[in-house]
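The values are calculated or read from the model by the stated rules, or taken from the named source; none is laboratory data. Note that the coordinates shown come from a computational prediction; the quantities given were computed from them, not determined experimentally. All Cβ positions, glycine included, derive from the backbone under ideal geometry; neighbour counts span all protein chains shown.
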Amino acid sequence: MTQALIYALTGAVLFMLGVRSTLLRDSLLARILGLNVSGAGIFLIFVSLAYRGDSMPTDPIPHALVLTGLVVAISATALALALNRRLREMDDE
Amino acid sequence: MNNLLIWPVALPLLSALLALLWPRRSTWIGVAGTGLSLSAVLLVSRQVVESGSIELALGGWAPGLGIALRVDGLSLLMLLMSSLVAMAVAVYSSVYFSDSERRGEFWVLWLLLITALHALFLSGDLFNLYVTLELLGLSAVVLACLGGSRASLQAALRYLVLGLLGSLAFLMGVALIYAGYGTLDMAALGDAIEAGPTAWVALSLMTGGLLIKSALFPLHFWLPPAHANAPAPVSAVLSALVVKAALYLILRLWLELFDGVVTQASAMIIGVLGAVAVLWGSWAALQAQRLKLMAAYSTVAQLGYLFLFLPLLAAIPEGEGRDLALGALVLLALTHGFAKSAFFLAAGVIMQRAGHDRIAELGGTARALPVTAFTIALAGVALIGLPPSGSFLAKWQLLSTVFVTGQWLWLPVIAVGTLLAGAYIFRLLGHAFAPGEGVGPSLSVGREEIPAVLLALIATLLLGFWAAEVWELVPISAYAGGEA
Amino acid sequence: MTMSVWLPVGILLSSFIPGVLIFFQPEERHRLRTLLNLLGALVKLLLVGVLIWGVFHEQVFETRWTMAPGLEFVLHADALSVLFVSLSTLLWLVTTIYAIGYLEHTPHRSRFFGFFSLCVTATVGLALAGNLFTFVVFYELLTLATYPLIAHKGSPEALRGARIYLSYTLFGGLLLMIGAVWLHTLTGGVEFVEGGILDQYANLDQDTLRWIFLLLIVGLGVKAALVPLHGWLPQAMVAPAPVSALLHAVAVVKAGAFGIVRVIYDVYGVEFAAELGVLTLLGTVAAITIIYGSVKALSQDHLKKRLAYSTVSQVSYIVLGAAILGPLATIGGLVHLVHQGVMKITLFFAAGNYAEALGIHRVSEMDGVGRRMPGTTLAFSIGALGMIGIPPVAGFISKWYLGLGAVEAGAAFWVLPVLIASSLLNAAYFLPILYRAWFKSATSPWPADKTAGCARELPDPLLWPPVTTAALALLIGLFAAAPYSPLEWAELIAGREYRQ
Amino acid sequence: MAEAAIGAGLSGALLLIALRDETDSNLTALKVSQVTRWLVDLFSLIMTVLIGWVLWLTIYVEPVERLAPLANAMLEHSGVSNPVTAVLLNYRGYDTLLELVVVLAAVLGVMVVGRERRGYRQAGPVFCGLVHWLVPLLIVTAGYLLWIGAHTPGGAFQAGATLAAAGIVLRLAGNDAAGLPEGMWLRWLLVAGIGLFLTVGLGVTLNDGQFLQYPKAWSGTLILLIESAATASIAAALVLAYRGGRPDGWLSVADKDNDREVSS
């Protein structure tokens, strides 16, 4: 269980680090990156929840949630980056 | 027969796919798809009125392992509001976007937005709610971009980043809930959750995330630019429906899942923020130089009113008294939904005819566009909270709850907010009814003016005189703790 | 059975439906618009006739509709409602005819007559409101319906006047609403019952009730133009003459005064209110308003402004009557509700005629106008003499009963001086006008003579309304003791209010 | 952890592209005051501690029984033997359906926002030679991942990502379309996953089932079908997101309509 806890706590730290840079960083890219780090932190927590001891099969539900969450996160990131790029293009014009 | 519940989600989704495949017919598909979704919601409502709340276990799996869709009085009212507003806005958009090269994308995303809203109101599973929140947020952002201007893209990007932050906070809360209670099904959680660190931390994370999305002061700053710069029909649904979705979730969490966990102190904090939102939003609306910006600030203020209810609800024990207050909250949210969407559509008509929406130059609007001016006046009546609108009844009950609970603090807030709302609405009407040439020559009543006036009539007459139905529906609960 | 339910609704609809229909009429269809207006007014008059007969014979007319849990929309006709309903209906008919003549060939008439009808609908709704909630609803609706009428001309002054009106009335409406909600939460519902309801709730804190009374009276006092809440009324005179007539005689100030009467008699109960000690304060405010309005009127050269301050003063007679405990004072106040309306509407019609025919807006321009416009000036004179309280015009009756009531209640030592002072002041600001009009001769040409060379002083729709209302003011004074006269009806109400 | 790795890799790739396009955009630079910084830091610290506390309580001190036993017990009714796939495509299939909709919304957003960026110059012969091997290999791998998803880790998302990688390699080699079709075919490709999923979900209700309640005998087959379509849609979406905007031919389908309206 200790190992799962360490993963989970790392996830918590990652999450808040991400939130922090989303709130504080000047660059939009850094903010988007921060969101991704936050997301990764949450997924890490989910994965650590799946672990149920060495002898037990893992809980498949958190794994599935992570997969779904990942796809959602990537989609959102892609949109944010596209917007960011378009805004920069407009500045160049 | 419970498969009925999937149709409000499946129909708009199916229509979205069709609109994507046949962009030439997208307008037709969009309006028809919205209409079909509305009829699905009407069928659902008939069944709820007849036999109470409904549950659909998707895939036939027991809720918990699988995902359940549920509808009760609260979600039904939200569904009805969103599908009715959506119908009117769709008819309006069929004119608004008729010449736009973006109309193909508009209709697909429009239908996806309806899908997301309906899915959110129906969902009975926390993680599924996260997915619907993201779908709602992304489709709303993309719709807000359709204007294409730099200001709108920038506002949309900020909206997206903050929205994502909000959803992630929500998801973190979901993770902690799953860690602590081992299920994501909301009915089961309603029974299982009890006061403790897990509940507190999860609730604050989820609430915090949703507060960003519902633009409660001081997390509101993304809303005015995003709502003011989007195309008019999009602003209408953003202000009327999308922010309400987050509010709906907060209500679900506070009143059903975390009932008993919520402390009066935390509710007071939210109430105070709501109070500041009322005052600040109304003041900013009074200062606004542009019609749509004024409407957007007014949304900030109106959302503040809705949050004023939280400390009041927390102070009343579950039962008839609380249902009374909850009904008033819902009625206020519904009235604002209809009135604000009507307002934005009318603003869109003015912008298209006049080429601008500077309030000081709107003289002559009433003569050139009498129906639209009438719409703004009716919607304004509802926004101020004057009779015979639904918000008058809601404010009456809000004041009544203030007296019953003895939370006098809110009395001056409500009073000043009402007067400020009167000031900004009548400032606008003064300009609109003044003589002038700001809007150009008189034109006949357009197809796009009718949906707006209908929405405004719903807000001011229907919800005023038939509001008793709201209070009848609200107590129907699918999550009613022990008895369920 | 059904008629007792539908009659109050019918009375409302008889002006609401024409109003809504008129909005949709193009400007040029004035025949249809006139037809709709007059038809509505006549139907209403007919229905009110049935209502008067029914209420006199103690029939119950009531409509109920649940708007929200615990909030019922109630239309209920009692003797007091009938008094106000008949006044508004009759004067609406006259004012409509006048307005049709007055606004001929001006723009936006459909909008004007639409709101005009809605305004009367709201007034009649106020009169028929069966509980405090319904009253608040119509009170706010009245604000909404009158705002566009005051702003009608669209000029900067009109918009300014309308804005000031709105700030006052929204504020007043808000206070009224807060007071009403508060009282509602304490009692679970506030129906208007003759004799009041609050004495049944012995457990309520008296201080709380005093605060609520203050909120309600301040909220109503804004429309009733009690000093210091009267500021909007002189500003609102920028409105067209028929609107001023309506504001001063039928709709707005009367709504405020009527509301105060309702609160004192049918919510608190006049005896209970006297017990709470709130009536003394109200009486004092009314007395101050009476004197202050008259004094201000003295110094106004603008005719409509002078009439406006006169209204400030005169409406408070009604409040004064309500604030003095005792049936005679009640009768004086109630009957003045009608008398002041009939007389003041005459004065405003006449003022409108002077402006319309000769461009006269100021008292100093009125020299010799009596010879040029004898009919109008005769009507004006009757109204002015009535205001002063000279018998046999109606105003005398009101003051007489107020005086008697004060003596009966032992308040003569302060009420009588107020009445006498105010009558002297009334004379001081009305008699010079009459003197100028009749006995001086025109020294300079009229400011804008639009009727030069016409055989008659004015077209019929402008001339007959003031003449009719002046005759009415004379008749209800002369035949005050006749059955169904306002005085008889006020006695009926007072009898029912003091039944215990 | 495999899925986490793939996800991180894809996000990383997208971010790297963004970094290539720009170094820094100060468009909406909000000047944050020192006090705000301190407050945010304090807030982050407190939240981290609180979340950590809850995690310690729920994972270490008193772990609760979650849904694992139920999920594993029902596995034999799910039509697949990989529990994660069972959750994704069966127990919580509705989530996955909506997830595909999210992907569609995001891709449409990318296309609304801008036109696609220009492709790379023609790559050198060595790379082209590599591409001839790499692309088929990736496609085969994708198919394999899809197929084994029923039993061991793998499935539509992983397969879609791999397939998308093939597209990206093609584009790097100078194929601007990155292997995607144009016009109607592209639209069909984007719709395929959701369309099939939804059709199956609704189709089974005709047979008295709940929405998405596959008939037992068919569930394995149906899941594979849905996954194949989803793989194609996900791959198309990812490649489109990589291309960064609306392809040139995207609007032509709708534009024709405008012409027609004008002429008629």
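So which residues in the stretch D:71-88 are surrounded by fewer than 22 Cβ atoms within 10 Å (Cβ to Cβ), more than 7 Å from every other protein chain (Cβ to nearest Cβ) and not in a helix (DSSP H, G or I), if there are any at all? Working first, answer last.
Taking the stretch D:71-88 as the starting set, the residues that turn out to be surrounded by fewer than 22 Cβ atoms within 10 Å (Cβ to Cβ) are D:72-77, D:81-82.
Checking which are more than 7 Å from every other protein chain (Cβ to nearest Cβ) leaves us with D:73, D:75-77, D:81-82.
Once the filter is applied, which keeps residues that are surrounded by fewer than 22 Cβ atoms within 10 Å (Cβ to Cβ), more than 7 Å from every other protein chain (Cβ to nearest Cβ) and not in a helix (DSSP H, G or I), the stretch D:71-88 yields D:Ser81, D:Asn82.
With the requirement that a residue be surrounded by fewer than 18 Cβ atoms within 10 Å (Cβ to Cβ) and either within 19 Å of B:Ser123 (Cβ to Cβ) or at pLDDT 95 or above (or both), what does the stretch B:9-27 give you?
Matches in the stretch B:9-27: none.
Taking the criterion of being over 27 Å from B:Ser123 (Cβ atoms) and of a type in the set (Gly, Ala, Ser), would at least one residue in the stretch D:83-91 satisfy it?
Scanning the stretch D:83-91, I find no residue that is over 27 Å from B:Ser123 (Cβ atoms) and of a type in the set (Gly, Ala, Ser), so the answer is no.
Can you list the helices (runs of 4 or more DSSP H) lying wholly within the stretch B:280-391 that have 3 or more residues being surrounded by fewer than 21 Cβ atoms within 10 Å (Cβ to Cβ)?
Because the criterion is at least 3 residues that are surrounded by fewer than 21 Cβ atoms within 10 Å (Cβ to Cβ), the helices (runs of 4 or more DSSP H) in the stretch B:280-391 that meet it are B:320-354, B:370-384.
I'm checking my understanding of the structure. Among residues of the stretch D:163-175 that are touching a residue at least 40 places away in the same chain (Cβ under 8 Å) and out of contact with any Gly (no Cβ under 8 Å at 6 or more places or on another chain), which one is nearest to the other protein chains (Cβ to nearest Cβ)?
The residue in question is D:Ala164.
What's the number of the condition C:Val312 fails, among (1) over 26 Å from C:Glu365 (Cα atoms); (2) β-branched (Val, Ile, Thr); (3) touching a residue at least 24 places away in the same chain (Cβ under 8 Å)?
(1)
Is at least one residue of the stretch D:156-170 surrounded by fewer than 15 Cβ atoms within 10 Å (Cβ to Cβ) and not in a loop (DSSP other than H, G, I, E, B)?
Just the residues of the stretch D:156-170 that are surrounded by fewer than 15 Cβ atoms within 10 Å (Cβ to Cβ), to begin with: none.
No, the conditions are met nowhere in the stretch D:156-170.
Considering the stretch B:188-202 alone, what residues qualify as being touching a helix residue (DSSP H, G or I) at 6+ places or on another chain (Cβ under 9 Å) and away from every other protein chain (no Cβ under 11 Å)?
Quick first cut of the stretch B:188-202, residues touching a helix residue (DSSP H, G or I) at 6+ places or on another chain (Cβ under 9 Å) only: B:188-193, B:196-202.
Scanning the stretch B:188-202 gives B:Leu189, B:Gly190, B:Asp191, B:Ile193.
Let me confirm something: among A:Leu29, A:Leu87, A:Leu9, which residue is part of a helix (DSSP H, G or I), closer than 13 Å to B:Val161 by Cα and either modelled with pLDDT under 90 or facing chain D (nearest Cβ under 7 Å) (or both)?
On the way: A:Leu87 fails: closer than 13 Å to B:Val161 by Cα; A:Leu9 fails: closer than 13 Å to B:Val161 by Cα.
A:Leu29 is the lone residue from the list that is part of a helix (DSSP H, G or I), closer than 13 Å to B:Val161 by Cα and either modelled with pLDDT under 90 or facing chain D (nearest Cβ under 7 Å) (or both).
Mind listing whichever residues of the stretch C:152-178 are among the hydroxyl-bearing types (Ser, Thr, Tyr) and within 10 Å of another protein chain (Cβ to nearest Cβ)? I'd like the intermediate steps shown before the answer.
Of the residues in the stretch C:152-178, the ones among the hydroxyl-bearing types (Ser, Thr, Tyr) are C:155, C:165, C:167-169.
Listed by number, the residues that qualify are C:Ser155, C:Ser167, C:Thr169.
Which pairs turn up if I take residues in the stretch B:22-40 that are away from every other protein chain (no Cβ under 13 Å) and without any contact (Cβ under 8 Å) to a residue 40 or more places away in the chain and look for partners that are part of a helix (DSSP H, G or I) and buried (at least 18 other Cβ atoms within 10 Å of the Cβ) with beta carbon separation below 8 Å, at least 6 apart in sequence or on another chain?
If the second residue must be part of a helix (DSSP H, G or I) and buried (at least 18 other Cβ atoms within 10 Å of the Cβ), the pairs left are B:Ala32/B:Ser15; B:Leu36/B:Leu11; B:Leu36/B:Pro12; B:Leu36/B:Ser15.
Would you please name the residue that is nearest to the chain's Cα centre (by Cα), looking only at residues in the stretch A:50-72 that are more than 7 Å from chain D (Cβ to nearest Cβ) and buried (at least 20 other Cβ atoms within 10 Å of the Cβ)?
Once the filter is applied, the top-ranked residue is A:Gly69.
Looking only at the stretch B:204-213, decide whether some residue is surrounded by fewer than 20 Cβ atoms within 10 Å (Cβ to Cβ), in a helix (DSSP H, G or I) and either without any contact (Cβ under 8 Å) to a residue 24 or more places away in the chain or among the hydrophobic types (A, V, I, L, M, F, W, C) (or both).
No, there is no match, as no residue in the stretch B:204-213 is surrounded by fewer than 20 Cβ atoms within 10 Å (Cβ to Cβ), in a helix (DSSP H, G or I) and either without any contact (Cβ under 8 Å) to a residue 24 or more places away in the chain or among the hydrophobic types (A, V, I, L, M, F, W, C) (or both).
Any residue at all in the stretch C:485-496 that is part of a loop (DSSP other than H, G, I, E, B), touching a Phe, Trp or Tyr at 6+ places or on another chain (Cβ under 8 Å) and modelled with pLDDT of 85 or more? Don't jump to the end; show me each part of the working.
Just the residues of the stretch C:485-496 that are part of a loop (DSSP other than H, G, I, E, B), to begin with: C:485.
With touching a Phe, Trp or Tyr at 6+ places or on another chain (Cβ under 8 Å) added as a condition, the list becomes C:485.
If we keep only those that are modelled with pLDDT of 85 or more too, we end up with C:485.
Among the residues of the stretch C:485-496, at least one is part of a loop (DSSP other than H, G, I, E, B), touching a Phe, Trp or Tyr at 6+ places or on another chain (Cβ under 8 Å) and modelled with pLDDT of 85 or more, which makes the answer yes.
Output yes when any residue across the stretch C:115-133 is within 10 Å of another protein chain (Cβ to nearest Cβ) and in contact with a His (Cβ under 9 Å, 6 or more places away or on another chain), and no when none is.
Yes - at least one qualifying residue is present in the stretch C:115-133.
Are there any helices (runs of 4 or more DSSP H) wholly within the stretch C:330-432 with 2 or more residues that are under 24 Å from the mean Cα position of the chain (by Cα) and over 19 Å from C:Leu478 (Cα atoms), and if so which?
On the way: elements: C:369-372, C:374-388, C:394-409.
Passing ranges, in order: C:374-388, C:394-409.
Looking at B:Gly64, B:Gly104, B:Gly73, B:Gly59, which one is within 17 Å of the chain's Cα centre (by Cα) and modelled with pLDDT under 95? Quick ask: steps written out before the conclusion?
Working: B:Gly64 fails: within 17 Å of the chain's Cα centre (by Cα); B:Gly104 fails: within 17 Å of the chain's Cα centre (by Cα); B:Gly59 fails: within 17 Å of the chain's Cα centre (by Cα).
Every option except B:Gly73 fails the conditions.
Return the only residue of D:Leu138, D:Leu108 being in the same structural domain as D:Gly195 (by TED's automatic domain parsing), in contact (Cβ under 8 Å) with a residue 12 or more places away in the chain and part of a helix (DSSP H, G or I).
Values: D:Leu108 fails: in contact (Cβ under 8 Å) with a residue 12 or more places away in the chain.
Answer to the selection: D:Leu138.
Considering only the stretch B:384-399, I want to know if a residue exists there that is more than 8 Å from chain C (Cβ to nearest Cβ), touching a Lys or Arg at 6+ places or on another chain (Cβ under 7 Å) and at pLDDT below 95.
Scanning the stretch B:384-399 turns up at least one residue that is more than 8 Å from chain C (Cβ to nearest Cβ), touching a Lys or Arg at 6+ places or on another chain (Cβ under 7 Å) and at pLDDT below 95.
Mind checking which residues of the stretch B:123-136 are in contact with a helix residue (DSSP H, G or I) (Cβ under 6 Å, 6 or more places away or on another chain), in a helix (DSSP H, G or I) and more than 8 Å from every other protein chain (Cβ to nearest Cβ)? Step through it out loud before you land on a result.
Within the stretch B:123-136, the first condition is being in contact with a helix residue (DSSP H, G or I) (Cβ under 6 Å, 6 or more places away or on another chain), and the residues that meet it are B:123-124, B:126-128, B:130-136.
Among the residues that remain, those that are also in a helix (DSSP H, G or I) are: B:126-128, B:130-136.
Passing the criteria: B:Leu126, B:Leu133, B:Leu136.
For the stretch D:176-210, give me each residue that is at the interface with chain B (Cβ under 8 Å from one of its Cβ atoms) and farther than 23 Å from B:Glu105 by Cβ.
Taking the stretch D:176-210 as the starting set, the residues that turn out to be at the interface with chain B (Cβ under 8 Å from one of its Cβ atoms) are D:184, D:187-188, D:190-191, D:194-195, D:198, D:201-202, D:205, D:209-210.
Across the stretch D:176-210, the qualifying residues are D:Gly201, D:Leu202, D:Thr205, D:Gly209, D:Gln210.
Considering C:Val181, C:Val253, C:Val243, which residue is within 14 Å of chain B (Cβ to nearest Cβ) and part of a helix (DSSP H, G or I)? Steps first, please.
Numbers: C:Val253 fails: within 14 Å of chain B (Cβ to nearest Cβ); C:Val243 fails: within 14 Å of chain B (Cβ to nearest Cβ).
Just one listed residue meets the conditions, C:Val181.
Which ones in the stretch D:102-145 are crowded, with 23+ Cβ neighbours inside 10 Å and away from chain A (no Cβ under 14 Å)?
Correct list: D:Ala142 only.
Name the residues in the stretch B:60-81 that are within 11 Å of chain D (Cβ to nearest Cβ) and either more than 17 Å from D:Gly209 (Cα to Cα) or in contact (Cβ under 8 Å) with a residue 40 or more places away in the chain (or both), would you?
Step one: filter the stretch B:60-81 for residues within 11 Å of chain D (Cβ to nearest Cβ), giving B:60-69.
B:Pro63, B:Gly64, B:Leu65, B:Ile67, B:Ala68, B:Leu69, listed by residue number.
Hey, can you tell me all the residues within the stretch C:177-210 that are under 21 Å from B:Thr401 (Cβ atoms) and among the polar types (S, T, N, Q)? Reasoning before the result, please.
Going residue by residue through the stretch C:177-210, those that are under 21 Å from B:Thr401 (Cβ atoms) are C:177-190, C:201, C:204-205, C:208-209.
If the condition is that a residue be under 21 Å from B:Thr401 (Cβ atoms) and among the polar types (S, T, N, Q), then C:Thr185, C:Thr187, C:Thr208 are the ones that fit.
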